[in-house]
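The next block holds one structure in the form of structure tokens; read it before the comments.
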Amino acid sequence: MSQIIIKVIDTLRETVEYLLIAISSLLLYFLLRIEFFSIALPVSGILVGAVVSLIAKRFEISSMDHTGRLADLDYRIPVVVTSLYISSIFFIYRFYTYELPVIHYVIFGAYVGFIAFEITQDQPRRRVLPQLLALCFFTYWSNQLMFPAGAFQPDTMGEYIPIIEQTIAEPAPSFDVIYQSLGALNLSFVTIFKLVSDTSAFMAYALLATLMLTGTILIIALLSRTLPSLSPQTILFAALVFGISSWMLGRGMRPNKLNFFYPLILLLGVSVLFFFDTDERLADSRWGIISLLVGIVLIFGHRYSAGAGLFMLFTISVFVLLRNHLLSAQYPNLNGAKGVGLVGAYILGVIGNPFHQGPLLGRLSDTILSLITTSSASSSSTGGPGRYSALQFDVLALSTASQILLFALVILGFCWGIRKKEWEYDYTTIWVTFISLFLVFSVVQNSVETSPQRFYSLLILFGFNVFAAVALYRRFDQITPRFRTSAVVFLVVCLSLLSLASPIASPTTGPLGDEVPHSTRYITDQSESSSEWAQKYSLDRISNLPIIQTGATTGRIDTTQLETGVYYMYSEQILTQSGGIARGGLSLGGRLFVFVTPPSRSSELVIYSNGDSYALQHR
């Protein structure tokens with residue numbers, strides 16, 4: 001029976017491009033039918049990648065040509081280039097605020113291209129890795145220089161910073177205070193860091209979150225030891241793709257709670273994979289201690305991250321079962337049984353955590369209900385995912401260009417790796433397939449209980465970046481040995497620039513900042529001073545302004561819905577350049593952001609103004 005299954009799998013390996021063309025074509029047809037244009041365009045990258053892979057397959061050579069690669073570069077060259085990039089970032093934002101100047105794109109693309117060139121020339125990891133860390137940290141932190149009063153994700157200032165400040169203000173902080181809401185144990189570390197560094201709560205949160213996200217590069221670098229078939233250069237490309245992807249640029253530029261847990265999620269999977277016996281190495285039981293510690297932090301740190309770790313370990317368990325019962329002849333020297341005990345212990349820990357039991361059961365039941373009822377499906381398909389599907393096609397195409405290119409590279413690398421018949425590529429395939437199924441389900445069925453962006457971030461963390469790296473380092477060696485360096489550097493630079501320009505990374509300051517409205521991701525000195533004024537005088541004002549839609553991406557504050565005598569505040573810059581919510585909703589298609597026109601102040605009583613922020617009383 002297993003021999004028949006192996007023959008079927010081998011046939012799929014050889015014809016995988018045809019299968020992907022068929023699947024992506026059907027998926028594209030379905031997405032276009034329900035008007036999910038913002039999802040359909042990235043999916044088109046799958047179709048493009050499969051077609052290109054099918055064509056390239058005809059020109060592949062049996063062995064890779066490594067001639068023409070440079071010896072070690074003088075170490076002073078990377079030092080000078082890195083120093084120029086860092087100093088340029090600080091110099092630029094002495095003169096620019098609230099905008100991303102063209103010169104930043106130039107130096108960012110140039111530095112990314114230089115690092116990509118070094119990787120193609122097989123420069124040692126100890127030289128390239130520090131440059132990757134410098135690239136990511138200072139690119140991410142540049143947004144804090146761009147917005148001196150702070151740039152963030154919406155829940156940072158609304159929830160997490162107040163928790164930290166409340167904890168510090170209490171004479172004896174209680175566990176309930178620091179562990180409220182999502183059970184964010186990371187706030188304990190931020191609080192300690194704030195006290196030690198003597199900085200503001202937001203600065204401590206932003207700096208530590210940025211450092212943690214940058215540190216994920218170091219965990220990705222371990223994959224060349226965990227998955228031996230992946231060369232160090234391939235993993236360096238994987239780390240580079242991770243760092244310059246639009247999603248991680250957005251997470252780095254506007255610090256998010258998940259920044260604290262991305263490295264831990266991946267480290268949990270890496271530590272368990274070190275329990276595999278392979279041809280290249282024996283199982284290393286010392287990683288069991290790391291697995292235990294990381295597992296405890298995830299279980300008690302953050303509910304979603306605990307679930308993400310569960311997905312990671314579940315995929316490992318599925319792969320071990322497939323290997324033991326169906327694919328033992330394909331991987332005769334692979335043994336992953338030693339890590340199964342750790343997987344079981346982690347599952348029990350997640351289920352047994354009282355902070356997770358109720359919410360997890362609630363989400364599970366809601367997800368099941370969404371499958372057996374039709375109301376969720378119909379509401380989530382109205383108008384396509386969020387505000388993006390309603391945009392003009394040229395704006396939408398530029399917004400998703402980096403995803404289209406990334407998906408094409410992922411498929412190009414996947415098709416090459418799946419034919420290698422090596423367990424490292426097959427395990428990565430199972431992980432990508434498993435998470436992608438949840439991603440598709442969350443997009444078309446239930447985006448509330450199964451948030452699609454979180455599944456996408458897991459694929460960027462591990463999976464998409466690996467297969468894209470395989471395409472860049474392995475596939476181009478096979479296809480174009482004479483022009484590999486220029487082709488790879490060109491593609492990586494294009495990916496970096498398109499990612500930086502996308503509204504995912506730069507919602508306010510990118511070239512589409514005035515085309516794509518979004519939630520507020522920053523504060524200004526004026527809005528901060530107005531908030532301090534309102535707090536000083538205990539102004540009882542409404543928190544949610546009534547906004548009505550006047551166009552596809554425009555709206556205005558509807559003062560007719562306000563009661564006489566009520567107080568309200570707004571920042572003109574934030575409303576007109578960022579936006580507000582015109583329509584709420586639980587599905588991706590139900591929430592709509594618009595650029596907001598402030599109301600006429602002639603009919604209102606202005607009680608405070610600083611040139612940008614206003615406090616008014618409705619009359």
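Observations on the model:
- Residue-level accessible surface for Phe407, protein heavy atoms, 1.4 Å, Å²: 30 Å²
- For the range 188-229 versus the range 232-246, the gap between their alpha-carbon centres in whole angstrom: 18 Å
- Legend: residues Met212, Met569, sorted from most to least accessible area (1.4 Å probe; ligands, DNA and RNA excluded), read Met212, Met569.
- Built amide H within the under 5 Å cut-off of Tyr522, gap 5+: Phe152
- Distance between the pseudo-spin-label points of Ser200 and Leu437 (7 Å out from Cα toward the beta carbon): 4.7 nm.
- Partner lysines whose Cα lies under 28 Å from the Cα of Lys536, excluding those fewer than 8 positions away in the same chain, are identified as Lys194.
- For Tyr608, nonlocal amide neighbours, meaning residues 5 or more places apart or on other chains whose placed amide H falls under 5 Å from its own, are Ala615.
- Here's the picture: a label point sits 7 Å out from the Cα of Leu70 along the beta-carbon direction, and within the range 231-259 the residues with their amide nitrogen under 18 Å of it are 233, 237.
- Loop-resident trypsin sites (Lys or Arg not before Pro) (DSSP state other than H, G, I, E or B) in the range 37-130 with no more than 14 further Cβ atoms inside 10 Å of their Cβ: Arg58, Arg69, Arg94.
- Reach of Lys7 by Cα under 29 Å, taken over lysines that are not fewer than 8 positions away in the same chain: Lys57, Lys338, Lys420, Lys421
- Listed peptides 557-567, 79-89 by packing density, highest first (mean Cβ within 10 Å): 79-89, 557-567
- Working ranking of peptides 322-328, 227-233, 498-504 by packing, defined as the average number of other Cβ atoms within 10 Å per residue, highest first, is 498-504, 227-233, 322-328.
- Packing-based ranking of 600-611, 101-112, 527-538 yields 101-112, 527-538, 600-611, ordered from highest to lowest mean Cβ neighbour count within 10 Å.
- Phi angles across the range 467-474 convert, under the Karplus curve 6.51 cos²θ - 1.76 cosθ + 1.60 with θ = phi - 60°, into 3J(HN,Hα) values of 5, 4, 5, 4, 4, 5, 9, 9 Hz, Gly and Pro given as x.
- If the segment from Leu321 to Gln561 were pulled out straight at 0.36 nm per residue, it would be longer than the present Cα-Cα gap by 80.4 nm.
- Cβ-based charge dipole, the range 196-300, positive-most Cα from Ala238, Val270, Ala206: Ala206
The values are calculated or read from the model by the stated rules, or taken from the named source; none is laboratory data. Computed from a prediction, not measured in an experiment: that's the story for all the values here. Don't worry about glycine lacking a Cβ; one is built from the backbone with ideal geometry, like all the others, and counts go over all protein chains shown. Side chains are part of the model used for accessible areas, which takes the heavy atoms of the whole protein and leaves out ligands, DNA and RNA. Shrake-Rupley method; radii C 1.70, N 1.55, O 1.52, S 1.80 Å.
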